[in-house]
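Accompanying notes for the structure given below.
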Amino acid sequence: MPHGDRATVDRLLALPTWAVVGLSNDRSRAAYGVAAFLQSLGRRIVPVHPQAETVHGEQGYPTLADIPFDVDVVDLFVRSELAGPVVDQAVAKGAKAVWMQLGVVDHEAAERAEAAGLEVVMDRCPKIEWR
């Protein structure tokens, strides 16, 4: 079952609030650049990282559950074996969607998210998909 047809990608890219799991101030990491790109499009980014760093001027939180407001998309910059628990946290948080970055693949987690009513994009990058 594919995750993330063009219509889904476009819908998610239009959503305003993105929790970026794995985002830190490490400028060499892809999450840093993608978050800056999303912010340049007017999206609010919310860093989610155990260190809860402020990144790109936005307050960070150690977990999705610690974010005191709603998020639309949970963007995963984690290893595939860690994606399942993060997707489950996104469901519990009430996110509208999960976006698993390039190389992040967990079909079972994607199916759980879809069964819970979330939209899913997997193994893609929003910066590449933007048009």
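Okay, here's what the table says:
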quantity	calculated
Counted residues, region 100-122 - those being surrounded by fewer than 17 Cβ atoms within 10 Å (Cβ to Cβ) and either closer than 16 Å to Val20 by Cβ or in contact with a Leu (Cβ under 7 Å, 6 or more places away or on another chain) (or both)	2
Qualifying residue in region 79-99 (condition: surrounded by fewer than 24 Cβ atoms within 10 Å (Cβ to Cβ), aromatic (Phe, Trp, Tyr) and modelled with pLDDT of 95 or more)	no
Selected residue (only one of Ser80, Ser28, Ser40 is polar (S, T, N, Q) and in contact (Cβ under 8 Å) with a residue 24 or more places away in the chain)	Ser80
In region 35-70, the residues that are over 16 Å from Asn25 (Cα atoms) and part of a loop (DSSP other than H, G, I, E, B)	Leu41, Gly42, Arg43, Thr63, Ile67, Pro68, Phe69, Asp70
Lone unmet requirement of (1) touching a helix residue (DSSP H, G or I) at 6+ places or on another chain (Cβ under 9 Å); (2) closer than 16 Å to Glu129 by Cβ for Ile67	(2)
All positions within region 98-131 that are among the polar types (S, T, N, Q) and out of contact with any helix residue (DSSP H, G or I) (no Cβ under 9 Å at 6 or more places or on another chain)	none
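The values are calculated or read from the model by the stated rules, or taken from the named source; none is laboratory data. Since the structure is predicted, the reported quantities are computational estimates derived from the model, not experimental observations. Because the Cβ atoms are built from the backbone with ideal geometry, glycine has one as well, and the counts that use them run over all protein chains shown.
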